[in-house]
Amino acid sequence: MLKHRGFPGRLAGTDFQFTIRRANMKGGPAKLIKRERYKDRKHADRMADEAFMAALWQYFGAQPFERGNLDAGRLSWLFGREVVAAEDPFDPCSYEALLRIDAKRAEAAFPKVYAPDAPDALSDDWDEEED
């Protein structure tokens, strides 16, 4: 499993996990699924999605990237919309699966991430402003 060095492990000051420490040896990688984001989600959940998207964009940009140690649960909130498969066939149960950011959809869903004055998501300074 590829470890993305320098990628934030979690949203600063919270328990929202962005990466995992080690591969799941018993059952294999957790499957990536498309999770519905309903409008009544908590503000903290929406902020975690936004911070994760910002970190993905700053770390990988528009280039395809390997899933590696990125948390499947957190990826699943973006998968199928802002983060899409970058290979065909795609194995949602593989640490080596290639993904990419659909920049057009990501910018529409997370405009603050793409703003010229967006904070650096790869540091602990991600701002938790109210909407």
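Once segment 23-45 is narrowed to residues that are modelled with pLDDT of 85 or more and either touching a Cys at 6+ places or on another chain (Cβ under 6 Å) or under 17 Å from Leu70 (Cβ atoms) (or both), the residue that is surrounded by the most Cβ atoms within 10 Å (Cβ to Cβ) is Leu32. The residue that is surrounded by the most Cβ atoms within 10 Å (Cβ to Cβ), counting only those in segment 100-131 that are under 14 Å from the mean Cα position of the chain (by Cα) and at pLDDT below 65, is Ala121. Can you tell me how many residues in segment 50-92 are among the hydrophobic types (A, V, I, L, M, F, W, C) and part of a loop (DSSP other than H, G, I, E, B)? Adding up the residues that qualify gives 5. Here is the figure for segment 39-96: residues that are closer than 25 Å to Lys26 by Cβ and touching a residue at least 24 places away in the same chain (Cβ under 8 Å) total 18. Only one of the listed residues (Arg81, Arg100) is among the charged types (D, E, K, R) and in contact with a Lys or Arg (Cβ under 6 Å, 6 or more places away or on another chain). That residue is Arg81.
Screening segment 64-99 for residues that are surrounded by 18 or more Cβ atoms within 10 Å (Cβ to Cβ) and basic (Lys, Arg) and picking the one that is farthest from the chain's Cα centre (by Cα) gives Arg67.
The values are calculated or read from the model by the stated rules, or taken from the named source; none is laboratory data. The structure displayed is predicted, hence computed values, not measured ones. When we count neighbours, we look across all protein chains shown, and the Cβ atoms used for this are built from the backbone with ideal geometry, even at glycine.
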